[in-house]
Structure formats: structure tokens, C-alpha cells
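Read the structure below first, then the notes.
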Amino acid sequence: MGLAIEITQQPVFGTVRALFLFIHQVEQTKIARNKHQGTHDMHELSICESIVSTLKSHAETQDFSRVKVLRLEIGKFAGVEIEALRFCFPIVALGTVAEDAEMEITLVSGTGWCEVCQSSSDMLERYSSCQQCGSQGLSISSGEEMRIANVEVE
């Protein structure tokens, strides 16, 4: 299914608001397509909004004026499109303490717990079998998380 976007008469280098609205329209199109296909909503824009909101709150309470480096940990199975997150963040961060912040992302590998042999096992896919005994149905113990690991501020 193609992505159809209505282009309005905006200058070539339109306003940030126009770009934000464009991204929102793309996200809504993805959401509609994903609902049709039975997959999860794309939510990277709202994740960026939450990150920036969290950084703003901490800037007020911890008295810093700028985030220099933002370090995130994102699990392999978190359902986050890293490139979409990298694209959205600078746009959402404009005019905030996070504007021009460098974003570093560490991907957290997947591991699971096997109830059959009581061992931990690496998971290459969400529904991997246990590497020790071969049984199915590992309980994911890491790889679904997404968190702000730390920030460098001034």
C-alpha cells in the first residue's frame, strides 16, 4: 500500500509547524495502515514528545538549561523504529532544553527465561526457543525496555 500525502502550497523550507504536521499526517497514515494489517501503531513521534517532556520537567527541578547528550536504551523487542525516532527527535526538541542534543541509542538484546530447564537464553526473535533444551515459550526477561539511560547537561 502506497503512502499518499496531500502537499499544500508551503514554501520549500516551510515552518517547523508544517513539518510537524507532515510527520503527524504520516504517522496517522501508518496507524491506519497498521490497523488494517493488524499490527501495532507507529508511535515514535509520541515517544519523542514524552522524552522531551521528561527532560523539560527535570530541567526545571534540577536546574539545567541544555541537554548536550541524551542516551537511550531500547530493547530489540520494544517495537520502536530507531530511524523514525532519530528523525522525529530533533523536530520535537526544537525550542526546548533538548534542542541540538546528541542522541545515542544502545540496543538491548533479547533474553528469555525458560520455565522447563530454569535457565536464561538469548533470543534472536520474539518467539525463539530455548537454546539449552529447545522448548518453546520463553518468557522475555530483557529486550522490551525503553528508557532514558542518562543525559549530559549544562
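The values are calculated or read from the model by the stated rules, or taken from the named source; none is laboratory data. A quick note: this is a predicted structure, and the numbers were derived from the prediction, not measured. A quick note on method: Cβ atoms are made from the backbone with ideal geometry, for glycine too, and the neighbour counts reach across all protein chains shown.
Residues in the stretch 58-109 that are touching a Gly at 6+ places or on another chain (Cβ under 7 Å) and under 18 Å from residue 150 (Cβ atoms): 2 in all. The set of residues in the stretch 85-98 being surrounded by 13 or more Cβ atoms within 10 Å (Cβ to Cβ) and more than 12 Å from the chain's Cα centre (by Cα) consists of 90, 91, 92, 93, 94, 96, 97, 98. Residue check: residue 140 meets all listed conditions (1) among the hydrophobic types (A, V, I, L, M, F, W, C); (2) in a loop (DSSP other than H, G, I, E, B); (3) in contact with a strand residue (DSSP E or B) (Cβ under 6 Å, 6 or more places away or on another chain) but one, namely (2).
Quick one: would you say residue 149 is out of contact with any Cys (no Cβ under 9 Å at 6 or more places or on another chain), closer than 29 Å to residue 56 by Cβ and small (Gly, Ala, Ser)? Yes: the conditions hold for residue 149.
State which residue is surrounded by the fewest Cβ atoms within 10 Å (Cβ to Cβ) when the search covers only the stretch 99-154 and only residues that are β-branched (Val, Ile, Thr) and under 26 Å from residue 47 (Cβ atoms). It comes out as 106. Considering the stretch 61-84, the residues that are of a type in the set (A, V, I, L, M, F, W, C) and at pLDDT 95 or above include one that is farthest from the chain's Cα centre (by Cα), namely 67.
Those residues that are assigned to a loop (DSSP other than H, G, I, E, B) and basic (Lys, Arg), I need them from the stretch 66-100; list them, please.
66, 76
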